[in-house]
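Visitor: Quick one: this structure, given as C-alpha cells, is what I'll be asking you about.
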Amino acid sequence: MRKPKKQKKPLNDLSRSLTPFDPNQTLIGVVELSKKSWLVAGIIPGVERQPLKKLPTDENELLKLLERWRAEAEKAGHKITHTTVAFEAGRDGFWLARWLRARGIEAHVIHAASVAVSREHRRAKTDRLDTQLLKRAFLGWLRGERDHCKMCAIPTFAEEDARRPHRERETLVGEHTTIINRSRRPWRGSVFAASTPSSRRPRSASNSCARPRASLSRPIRSRSCSATWHGSSSLPSRSSRSRRRAWNN
C-alpha cells in the first residue's frame, strides 16, 4: 500500500500581506525610532493631510496619538476597524511590537535591508524622508504587492532572550580576535611572530628560531638517475658491485 503523502505546511510569506486591505477603514502609522525621540507618520481615512508628529520615547504617548487619529477619522465619517503600525528593525528589538499587539493594534517590523533606496552617491537622509520611504513601502505591502518590503517574524520574549547568549558570544569572539591581532602587530617580522598569545604553551624563542639543516653526507639517489654525485657527470656506467665500491670510496 502506498503511504499517504504528508501535507505541506503553508509557507509564512512575509514579503506581502495576505489579509484584505480596506483603505477607508484602516488607520496606518509608521514610526521612525531613535534614541531620543520617535517620529510618527500616519495615513488617516477621510483626512486629506498626512500628519507627522514627533514624540518622546514613550509607548503611552504613541498610543494616545493613535487614539486621537482614530477620533479624527470617525469625525470625518470613517469607522476604523483596523489599526496597523510598522517600524524598521534595529536597536530597539521587538518589544514595541509585542506591546502594541497586546493592546489590539497590529504591529509589523520591517526588515531594514528590504526597503529599496536611491543608489546615488550623495542623497539626503533625514528622519522625515525615512518615514516617507517607510510609509510608501508599508502601504504597498498592505495592498499585497510584492517586492515593496519584507517583514520580520516577531519572536516571543523567551525566544528573543534565548538568542542573547549566542549574540554576546559572537561579540566576545570578535573582541578576542581584535586583541590578539593588536598584540601580535608589534612583533611582526621577529622570532615571536609565529607564536600565538592565546595558546596555553606559547612557542619559545629558541624553538621558534629555524636552525640550518645539516647537509647530508650521502645524497639520496633515485633509481632512474644514472649520473654520479660529487659534481662528475661523465663517468661510465658500471655494475652494481663496482658502483657500490666507488660509492664507499
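The values are calculated or read from the model by the stated rules, or taken from the named source; none is laboratory data. As the structure is a computational prediction, the values presented were derived from the model and not from experiment. A quick note on method: Cβ atoms are made from the backbone with ideal geometry, for glycine too, and the neighbour counts reach across all protein chains shown. Only protein heavy atoms, including side chains, enter the accessible area calculation; ligands, DNA and RNA are left aside. Shrake-Rupley method; radii C 1.70, N 1.55, O 1.52, S 1.80 Å.
Visitor: Return the only residue of LEU33, LEU142, LEU39 being farther than 26 Å from PRO20 by Cα and crowded, with 18+ Cβ neighbours inside 10 Å.
Guide: Going through LEU33, LEU142, LEU39 in turn, just one is farther than 26 Å from PRO20 by Cα and crowded, with 18+ Cβ neighbours inside 10 Å: LEU39.
Visitor: Taking the condition of being within 16 Å of SER37 (Cα to Cα), open to solvent by less than 80 Å² (accessible area, probe 1.4 Å) and touching a residue at least 24 places away in the same chain (Cβ under 8 Å), how many residues in the stretch 122-137 meet it?
Guide: Looking only at that region, the number is 3.
Visitor: Residues in the stretch 7-30 that are in a loop (DSSP other than H, G, I, E, B) and modelled with pLDDT of 60 or more: how many?
Guide: Qualifying residue count for the region: 13.
Visitor: What number of residues in the stretch 30-50 are under 27 Å from the mean Cα position of the chain (by Cα) and closer than 12 Å to ARG128 by Cα?
Guide: Within the stretch 30-50, residues that are under 27 Å from the mean Cα position of the chain (by Cα) and closer than 12 Å to ARG128 by Cα number 7.
Visitor: Please determine whether any residue of the stretch 95-105 is of a type in the set (Phe, Trp, Tyr) and within 21 Å of PRO155 (Cβ to Cβ).
Guide: Yes: one or more hits.
Visitor: Looking at the stretch 166-192, which of the residues that are outside any loop (DSSP other than H, G, I, E, B) and modelled with pLDDT under 80 is farthest from VAL85 (Cα to Cα)?
Guide: Pass one, the stretch 166-192, residues outside any loop (DSSP other than H, G, I, E, B): 166-187.
Next, from what is left, pick out any that are modelled with pLDDT under 80: 167, 184-187.
Details: ARG167: 28, ARG184: 50, ARG185: 50, PRO186: 53, TRP187: 55 Å.
My answer is TRP187.
Visitor: Of all residues in the stretch 101-128, count the ones that are modelled with pLDDT of 90 or more, out of contact with any helix residue (DSSP H, G or I) (no Cβ under 8 Å at 6 or more places or on another chain) and either in a helix (DSSP H, G or I) or more than 18 Å from ALA89 (Cα to Cα) (or both).
Guide: Summing the residues that are modelled with pLDDT of 90 or more, out of contact with any helix residue (DSSP H, G or I) (no Cβ under 8 Å at 6 or more places or on another chain) and either in a helix (DSSP H, G or I) or more than 18 Å from ALA89 (Cα to Cα) (or both) in the stretch 101-128 gives 3.
Visitor: In the stretch 54-82, how many residues are out of contact with any strand residue (DSSP E or B) (no Cβ under 7 Å at 6 or more places or on another chain), part of a helix (DSSP H, G or I) and of a type outside the set (D, E, K, R)?
Guide: Within the stretch 54-82, residues that are out of contact with any strand residue (DSSP E or B) (no Cβ under 7 Å at 6 or more places or on another chain), part of a helix (DSSP H, G or I) and of a type outside the set (D, E, K, R) number 3.
Visitor: Scan the stretch 97-121 for residues that are buried (at least 19 other Cβ atoms within 10 Å of the Cβ) and touching an Asp or Glu at 6+ places or on another chain (Cβ under 6 Å) and jot them down.
Guide: First, the residues of the stretch 97-121 that are buried (at least 19 other Cβ atoms within 10 Å of the Cβ): 97, 100, 107-110.
Once the filter is applied, which keeps residues that are buried (at least 19 other Cβ atoms within 10 Å of the Cβ) and touching an Asp or Glu at 6+ places or on another chain (Cβ under 6 Å), the stretch 97-121 yields only ILE110.
Visitor: Is it the case that LYS150 is touching a Ser or Thr at 6+ places or on another chain (Cβ under 7 Å), among the charged types (D, E, K, R) and either at pLDDT 85 or above or exposed (fewer than 13 other Cβ atoms within 10 Å of the Cβ) (or both)?
Guide: Yes.
Visitor: Of the conditions (1) out of contact with any strand residue (DSSP E or B) (no Cβ under 6 Å at 6 or more places or on another chain); (2) loosely packed, with under 15 Cβ neighbours inside 10 Å, PRO45 satisfies every one except a single condition; which number is it?
Guide: Exception for PRO45: condition (2).
Visitor: So which residues in the stretch 134-165 are outside any loop (DSSP other than H, G, I, E, B) and touching a strand residue (DSSP E or B) at 6+ places or on another chain (Cβ under 9 Å), if there are any at all?
Guide: LEU134, LYS135, ALA137, PHE138, LEU139, TRP141, LEU142, MET151
Visitor: Still on this model: Please verify whether GLY93 is assigned to a loop (DSSP other than H, G, I, E, B), modelled with pLDDT under 90 and open to solvent by less than 20 Å² (accessible area, probe 1.4 Å), treating the condition exactly as stated.
Guide: Considered against the rule, which asks whether it is assigned to a loop (DSSP other than H, G, I, E, B), modelled with pLDDT under 90 and open to solvent by less than 20 Å² (accessible area, probe 1.4 Å), GLY93 comes out as yes.
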